[in-house]
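Novice: I'd like to ask some things about the structure below.
The values are calculated or read from the model by the stated rules, or taken from the named source; none is laboratory data. For clarity, every value in this text was computed on a predicted model and none was experimentally measured. Methodologically, a virtual Cβ is constructed for each residue, glycine included, from the backbone with ideal geometry; neighbour enumeration extends over all protein chains shown. Heavy atoms of the whole protein, side chains included, go into the accessibility calculation; ligands, DNA and RNA do not. Shrake-Rupley method; radii C 1.70, N 1.55, O 1.52, S 1.80 Å.
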Amino acid sequence: MDFQDAADLAIQLARDAGDFAVAEREEARIEAKGDGADFVTHVDRAVERRIAAAIATQYPDHSILGEEHGEQGGELTEFRWLIDPLDGTNNYVLGLDIYGVCITLCHHDIPVAAVVHDSPRRRTYWAVTGTGAWLSIDARPPQRLLLHGAEPLANTTVSLTQGYAVGHNDARRNTLFGALERQTKRVLRTWAPSVDWGLLATGRLGAVIAYRNEPWDLVGGALIATEAGARMYTDATGDLVIVGHPRTVDELQVLLDGQRHHRSALAEAGKQA
């Protein structure tokens, strides 16, 4: 199949979804989600249905995994779409203009086309594997994205994002956050990976650190960033992913691996005490 055609479809769907979210924000119907600490709105559900229906019409043999409605489109196939219809719902509910849309096409679980859309700003980032990363603002002609020089870690802003299952008492998450707070200029906690990936791909962030994230918020943005020249590191557990300027990733890998070894040594000492 033509991956650029798939990306073009995803770009249009993401823009339409973003415009709908912006138009509906003041009228959003809000419900508790999961254990009640999270939210879902009618926008999340309506947008995911629209995106899934359009993909199913164009690619009836593909499977779909959406944040709100789970697996759709029958049995898993070699092609699978990942959808986050309203990334940053908590911000959306609060009235913060930090939310977006993530749509990714995977081939045998490898991302091959990805779109991340910053809805309030109408900034659309996308990539097709092997063809670079691109940005279009308010549907204007695209510009290619390329990362340039990195700052030392102490002068670098990074973003830390985490999956829904990660709680406040997660020891590794807290260790990561503490280390980043001490060694970097600033740690962003946007609660909207779609925005983080755009900031990274345009060179405004040094790295995105993702801890136990859901795939629809992770793999597409990582493809866009790497196509812009970022490097991706995944630790041995698969729980921690760092994507950023190659120099920054190297420095973060040393920092965070050192924290992991220190924590393991403390735990072992505690057992022997």
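Novice: Using only alpha carbon pairs under 8 Å that are at least six residues apart, calculate the relative contact order of the stretch 1-95 and give it in whole percent.
Specialist: On the way: 101 pairs, mean separation 22.9, N = 95.
Once divided by the residue count of the stretch 1-95, the mean separation gives 24 percent.
Novice: Can you give me the C-alpha center-to-center distance between the stretch 220-248 and the stretch 107-183, rounded to a whole angstrom?
Specialist: The stretch 220-248 and the stretch 107-183 have Cα centres separated by 9 Å.
Novice: Sum up the charges of everything whose Cβ sits under 10 Å from the Cβ of P152, counting Lys and Arg as +1 and Asp and Glu as -1, but leave P152 out.
Specialist: That works out to 0.
Novice: Further question on the same structure: Length gain on complete extension for the stretch T157 to D8, per 0.36 nm per residue less the alpha carbon to alpha carbon distance?
Specialist: 50.5 nm
Novice: Averaged per residue, what accessible area in Å² does the chain show with a 1.4 Å probe, protein chains only?
Specialist: With the other protein chains kept in place, the chain gives 46 Å² per residue.
Novice: Please state the relative contact order of the chain as a whole percent: Cα pairs under 8 Å, 6+ residues apart?
Specialist: Once divided by the residue count of the chain, the mean separation gives 16 percent.
Novice: For the chain, what is the mean residue ellipticity at 222 nm derived from helices alone (per DSSP H run of n ≥ 4: -39500 (n - 2.57); sum divided by total residues; nearest 500 deg cm²/dmol)?
Specialist: -13000 deg cm²/dmol
Novice: Give the carbon-plus-sulfur fraction of the accessible surface of the chain in %, rounded to a whole number; probe 1.4 Å, heavy atoms of protein chains only.
Specialist: 51
Novice: Then there is this: Grab the Cα-Cα distance for H42 and L96, subtract it from 0.36 nm times how many residues apart they are, and report the gain in nm with one decimal.
Specialist: Once the chain is fully extended between H42 and L96, it gains 17.7 nm.
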